[in-house]
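First comes the structure, then the notes that go with it.
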Amino acid sequence: MSNYNIKHLEEYFKVYRKSVREPEVFWEEIAEEHFSWHKKWDKVLYWDFEKPEIKWYEGAKLNITENCIDRHLRMTGDKTAILFEPNNPDEGAQHISYRQLHERVNKFANVLKDNGVRKGDRVCIYLPMIPELAVSLLACARIGAIHSVVFAGFSSNALATRINDSDCKIVITSDGSYRGAKTIDLKGIVDVALEDCPGVHTVLVAERIHSDIKMKPGRDQWLQPLLDQASPECEPEIMDAEDPLFILYTSGSTGKPKGMVHTTAGYMVYTAYTFKNMFRYEEDDVYWCTADIGWITGHSYIVYGPLANGATTLMFEGVPSYPDYGRFWEIVEKHRVNQFYTAPTAIRALAKENLGYVEKYDLSSLKVIGSVGEPINEEAWHWYNDNVGKKKSPIVDTWWQTETGGIMISPIPYVTPTIPTYATLPFIGVQPALMDEKGEELKGNQVEGRLCIKYPWPSIARTIWGNHQRYKDTYFSAFAKKYFTGDGALRDATGYYRITGRVDDVIIVSGHNLGTAPIEDAINEHNAVAESAIVGFPHDIKGNALYGYVVLKEAGAARNPDNLRKEINQKITERIGPIAKLDKIQFATGLPKTRSGKIMRRILRKIAAKDFTNLGDTSTLLNPEIVQEIIDNAH
Ligand code: PRX
């Protein structure tokens, strides 16, 4: 019998040891006992971190939607699969049962087929958090198409880059989206994007805000009439274990976004198994993850992980501040939510508001509360623990990444004792290593270094779409035969891990990963700008905010600096999206550079954080005098 549901700390250690000693035996048992397969695998694991190449359950045949939907129909077909809570509470929630989900996914899958989508084709999904979003992912998976969801806060430019990179021929969007009291013209954003995407022949449009949009004849079609006519039966495409399931883009420190490719069987097994354990999900629980499905958290822990366990997963369209700051807690009370999973930035934003917003609601249904996306600071941890968890629901501080597919380091609730700011222990099968700068592994406890993983786990991304070399360079080259996460971490005296943050040029702002290079490129497009450098600085709600140092072509161009700042942020909004806007922009006559011309970001980071001490040896700079000028003008 496999240990699908870990209940005690001793059991965790026992199972963990087994997963390390005999990983193939372990993952074979989990896969065998908890999922349905058309054919079992020939080999559990093949791996080579040098090539790099990783295959799990090779030779197995399955369809993930049968595991997420069909197999629950007989026993729990009427159970709510997706509980949709709209932006406006007066609209009322929707309960979509497993049976209804089955029908909706099949119809959608047939619409995709009718529009020429075949196994292996890429489908771009640019939708708000409405049921069609979850349904469209599953519809792609039903017919073996590869979905590529683009978060609906990205600009047309960012959308076009992603559509073209994975060569999507079809885009699924809506007439618009609600965001609190505002509406956003999503279809308009798609229209602009598609001016640069000649490969797209079809746009399917879900109706959400009933706005007056332009439909391009021959290309754009309303989704609902097509669904109304579609058959509710669609035989699942039988997929190989290693067939791609989806592409999801994430920022790199340089260059264009990386299309991380996740494959079918390993991703399914790992997200389902982690979901069950990290949230201690039980039969009638209502589980809610507040992330957007546009990010990996939504893919793994709103859609695939929960549905593979036959769970009720809540999808929330709105924002935490609408109609007021009590919205999250109102939803918890209304739907008797048992597991609640959110990001530190949301916790910090809500902690700033009157406590009355939390106290007004009955949160006694909560059993587990989670955090994801960035390190959770001690103050936020305590606020969450005291006011939401009421000191009885454990906080699971889950560390993972788009690339890892599922949660890697986290307490298991009611099993692992928690400590604020610690992600605690590796999950079953996860073998972390901390490395020093020379590439040696730091053995033992009380060490701090760069976080790597030494052994494959089933949901590791297999490649970067169209660029395997970049996959190798980014993740498998810094340290021999190890996956490098890009994060720093420490291991304390008891073996607990604490993530200390990124060690590269990725900055996490409000839980969103942003690479500095694309933002700098956007700024440099402004006519007046010669060059720029972006760094992060501490921000009490966003975790980090962006500070831009901008050098102008002509010093006099900053005569109206506030205007220029607005224009620069406008450029960023157009190229990437509002999430990448700068909080502070400082104009400078130059940037500190090494003799080889590299910008010394370390110094700029310190200045942005108002830490003017220990700037290090600046004498080796090409232009040491610039440092004092920048300090004198810092905000
Ligand atoms: O730096 C880590 C941080 O978020 C990065 C991954 O971001 P993304 O791929 O967008 O996925 C976010 C959701 C899984 C990591 O490299 N991060 C994520 N969770 C935590 C975290 N940092 C500290 N503690 C966490 N719990």
Next item on the list: Within the range 351-400, work out how many residues are within 13 Å of the ligand (Cβ to nearest atom) and in a loop (DSSP other than H, G, I, E, B).
Entry: 6
Check: Restricting the range 524-572 to residues that are within 24 Å of Gly153 (Cβ to Cβ) and polar (S, T, N, Q), which is surrounded by the fewest Cβ atoms within 10 Å (Cβ to Cβ)?
Finding: Gln570
Notebook entry, point to check: Which one of Glu379, Glu317 is surrounded by fewer than 21 Cβ atoms within 10 Å (Cβ to Cβ), modelled with pLDDT of 95 or more, more than 23 Å from Asn88 (Cα to Cα) and acidic (Asp, Glu)?
Noted result: Glu379
Check: Which members of the range 610-635 meet the condition of being more than 37 Å from the chain's Cα centre (by Cα) and not in a loop (DSSP other than H, G, I, E, B)?
Finding: Glu625, Ile626, Gln628, Glu629, Asp632
Check: Quick one: what pairs do we get from the range 384-412, first residue in contact (Cβ under 8 Å) with a residue 12 or more places away in the chain, second basic (Lys, Arg) and in a loop (DSSP other than H, G, I, E, B), C-beta under 8 Å, 6+ apart or different chains?
Finding: Asn385/Lys391; Ser393/Lys367; Ile412/Arg280
Next item on the list: Could you tell me which of the residues Met278, Met260 is of a type in the set (A, V, I, L, M) and closer than 24 Å to Glu132 by Cβ?
Entry: Met260
Notebook entry, point to check: How about the range 469-494: which of its residues are more than 14 Å from the ligand (Cβ to nearest atom), buried (at least 19 other Cβ atoms within 10 Å of the Cβ) and not in a loop (DSSP other than H, G, I, E, B)?
Noted result: Tyr471, Arg491
Next item on the list: Would you be able to tell me the number of residues in the range 401-428 that are within 9 Å of the ligand (Cβ to nearest atom) and of a type in the set (Val, Ile, Thr)?
Entry: 5
Next item on the list: Could you look through the range 458-468, keep only residues that are surrounded by fewer than 20 Cβ atoms within 10 Å (Cβ to Cβ) and touching a residue at least 40 places away in the same chain (Cβ under 8 Å), and pick out the one that is farthest from the ligand (Cβ to nearest atom)?
Entry: Gly466
Checklist line | Filter pass, Ala230 being among the hydrophobic types (A, V, I, L, M, F, W, C), out of contact with any Ser or Thr (no Cβ under 6 Å at 6 or more places or on another chain) and crowded, with 19+ Cβ neighbours inside 10 Å | finding: yes
Item checked: Test: Asn87 is touching a Phe, Trp or Tyr at 6+ places or on another chain (Cβ under 8 Å), outside the structural domain of Ala580 (by TED's automatic domain parsing) and of a type in the set (S, T, N, Q) -> yes
Notebook entry, point to check: Out of all the residues in the range 273-313, which are assigned to a helix (DSSP H, G or I) and within 13 Å of the ligand (Cβ to nearest atom)?
Noted result: Thr274, Met278, Ile296, Thr297, Gly298, His299, Ser300, Tyr301, Ile302, Gly305
Checklist line | Output for the range 537-582, where each listed residue is touching a helix residue (DSSP H, G or I) at 6+ places or on another chain (Cβ under 8 Å) and assigned to a strand (DSSP E or B) | finding: Phe537, Gly543, Leu546, Tyr547, Gly548, Tyr549, Val550, Leu552
Next item on the list: Could you grab the pairs with beta carbons closer than 7 Å, sequence gap of 6+ or different chains, first residue in the range 486-511 and in contact (Cβ under 8 Å) with a residue 40 or more places away in the chain and closer than 29 Å to Gly548 by Cβ, second one away from the ligand (no atom under 12 Å from the Cβ) and in a loop (DSSP other than H, G, I, E, B)?
Entry: Val509/Lys542; Ser510/Lys542
Notebook entry, point to check: Out of all the residues in the range 495-536, which are among the polar types (S, T, N, Q), within 16 Å of the ligand (Cβ to nearest atom) and assigned to a loop (DSSP other than H, G, I, E, B)?
Noted result: Ser510
Item checked: Given (1) away from the ligand (no atom under 16 Å from the Cβ); (2) under 30 Å from His38 (Cβ atoms), index of the condition Met260 fails -> (1)
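The values are calculated or read from the model by the stated rules, or taken from the named source; none is laboratory data. Model, not experiment: these values are computed from the prediction. Cβ: placed from backbone, ideal geometry, glycine included. Neighbour counts: every protein chain shown.
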